[in-house]
2 protein chains.
Amino acid sequence: MTVSKTASDAVRPQRSLRREPVDPAGDDGMLQLGELSGLLGYSLKRAQLKVFEDFLRCVAPLQLTPAQFSVLLLLDKNPGRNQTEIANTLGILRPNFVAMLDALESRDLCARMRSANDRRSHILVLTDRGRAVLARAKKLVANKHEARLIEVLGPANHAALLEMLAKLAQEF
Amino acid sequence: MTVSKTASDAVRPQRSLRREPVDPAGDDGMLQLGELSGLLGYSLKRAQLKVFEDFLRCVAPLQLTPAQFSVLLLLDKNPGRNQTEIANTLGILRPNFVAMLDALESRDLCARMRSANDRRSHILVLTDRGRAVLARAKKLVANKHEARLIEVLGPANHAALLEMLAKLAQEF
DNA sequence: CGATAATTGTTATCAACTATACCAAATATC
DNA sequence: GATATTTGGTATAGTTGATAACAATTATCG
C-alpha cells in the first residue's frame, strides 16, 4: 500500500483559491471529466446509448430492438439469403443469431425456408406481417427518431456525423 | 404462416435487369445495407465497437479496459470522492462498481479509504502505482489511439465529431 | 467414384455487462 | 428519539458476445 488508510477530507487539493481555468465543478456538485471529454470512445459510447434509448422509445409500439429492426431491414433488401449471410453482414455470430431468429419467427415476422439448392441452409424471408411491421417501423424511425436527431444536430451536421461514423466503422 | 415453406431460389427479385441505382452488390457477394447506412444508431454502434477495439489494442500492455481507464482518470481529476459519486458520473450502477473497484484495488491501482466525516462512504484514491499506470496509459492513448483517430478523420473532423457526440450524449 | 474437408444451422456453455431487490451500518431529518 | 435516507455491499437475473462441438449436407480432390 502506498497510501494511508484514513483520509481526513481536508487533503483535497485547494481549488478556486488560485483562479485556474477549470471546468465548472466545485468541491461539491458535478465532477470534472478532465481528459475524458476529449476521449472520442467515451463520447461515442455515451452517445450510442442515448441514441439506442431513443430508438427503443420511438419504436416501442412495435416492440423492436435496433438489432431486430436491422435484421428485418436486411431481409427486405436481400431476399433469398441464408442465416449465415445475414448474420455476418450485421456482425452477429451465427450461434447467437439462432435465438434472435426464433424470436422473430415466433412473432411471425419472418420465416426460415429450406433452400432447394442447398439443403443445409435456411433461406430467410419476411412474412406479410413482417413487411407490414417493417413499414410501420420505418415510418416511426424516420418521423420520430431520425427526425429528432436531425433537429438536435442540424441536417448538415447530421449528414457529416453519419459520414464520419461510417468512415470509422469501415476503415478503422 | 403467410409464406410457402420451400423456396425455389429463383424467386429472388430480378435485379440489374432494369438498371436501377443500386449499391454495388450482385446476387452474390456483399449484401445491400439499404437504409441501414442512413441509420445513425447503426453506424454509431459499429464505430464505437471499432474504436473500443483499437483502444484495447493500444493500451493492451497496461491491461486496462476503457471503463477502467475512465475510472482512473476520474479518480485523478477528482480526489476525495466516494464510490457513489464516481460511479454515477460514469453511468455505472453502484452494485456493478463494487467488483470493478475490487479488481483495480487488487492490482494496487487505487484504494478505498474510510472517510473521516462519513463512516459509510469510501473515499477513493489513486495509489502511486495507479498514478504511474495512468500516466503511461494517457501517453499510449494519446500517441497511438487518438493519434490514429485524428489521422483517419483529419484534425478538424475529429474535433467536429467529438463536439457532436458530446452534444448527443448531453442534450439528447 | 470415394475419402476428406468445409459449410450450415444448432446446442451448450461461458464471460462480460447491465439491472433490480434487498441488507446492515451509518447518517440525516423532523 | 423515531423515521427516513444514504452508502457500500450481496445476490441475482437478463442481455449480449464468444467459443467449442455436433449432425447433416455439400464441396474438394486424389
For residue B:127, all conditions in the list (1) without any contact (Cβ under 8 Å) to a residue 24 or more places away in the chain; (2) away from DNA strand C (no atom under 13 Å from the Cβ); (3) more than 7 Å from chain A (Cβ to nearest Cβ) hold save one; what is the number of the exception? (3)
Please work out which one of (1) more than 16 Å from DNA strand C (Cβ to nearest atom); (2) of a type in the set (Lys, Arg); (3) touching a residue at least 12 places away in the same chain (Cβ under 8 Å) is the condition residue A:139 fails and give its number. (3)
Select from the range B:76-89 the residues that are touching a residue at least 40 places away in the same chain (Cβ under 8 Å) and more than 12 Å from DNA strand C (Cβ to nearest atom) and write down the one among them that is most open to solvent (accessible area, probe 1.4 Å). B:76
Check whether at least one residue in the range A:11-24 is of a type in the set (Gly, Ala, Ser) and modelled with pLDDT under 95, and report yes or no. yes
When the range B:90-116 is examined, which residues are found to be within 11 Å of chain A (Cβ to nearest Cβ), more than 12 Å from DNA strand C (Cβ to nearest atom) and either free of Cβ contacts under 8 Å to residues at least 12 places away in the same chain or hydroxyl-bearing (Ser, Thr, Tyr) (or both)? B:105
I need the full set of residues from the range A:48-67 which are within 21 Å of residue B:161 (Cα to Cα), aliphatic (A, V, I, L, M) and within 13 Å of DNA strand D (Cβ to nearest atom), in order please. A:49
Conditions (1) crowded, with 23+ Cβ neighbours inside 10 Å; (2) in a helix (DSSP H, G or I); (3) more than 8 Å from chain B (Cβ to nearest Cβ): number failed by residue A:64: (2)
Restricting the first residue to the range A:46-75 and requiring it to be under 21 Å from residue A:103 (Cβ atoms), which pairs with a second residue that is among the hydroxyl-bearing types (Ser, Thr, Tyr) and surrounded by fewer than 17 Cβ atoms within 10 Å (Cβ to Cβ) meet a Cβ separation below 8 Å and a spacing of at least six or different chains? A:56/A:65
Residue B:119 - would you say it is more than 10 Å from chain A (Cβ to nearest Cβ), within 12 Å of DNA strand C (Cβ to nearest atom), at pLDDT 95 or above and farther than 27 Å from residue A:47 by Cα? yes
Going by the structure shown, is residue B:160 closer than 19 Å to residue A:34 by Cα and over 17 Å from the mean Cα position of the chain (by Cα)? yes
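The values are calculated or read from the model by the stated rules, or taken from the named source; none is laboratory data. Quick caveat, the model's predicted, so the values are computed rather than measured. We place every Cβ from the backbone using ideal geometry, glycine too, and count neighbours over all the protein chains shown. Ligands, DNA and RNA are excluded from the accessible area calculation, which covers all protein heavy atoms including side chains. Shrake-Rupley method; radii C 1.70, N 1.55, O 1.52, S 1.80 Å.
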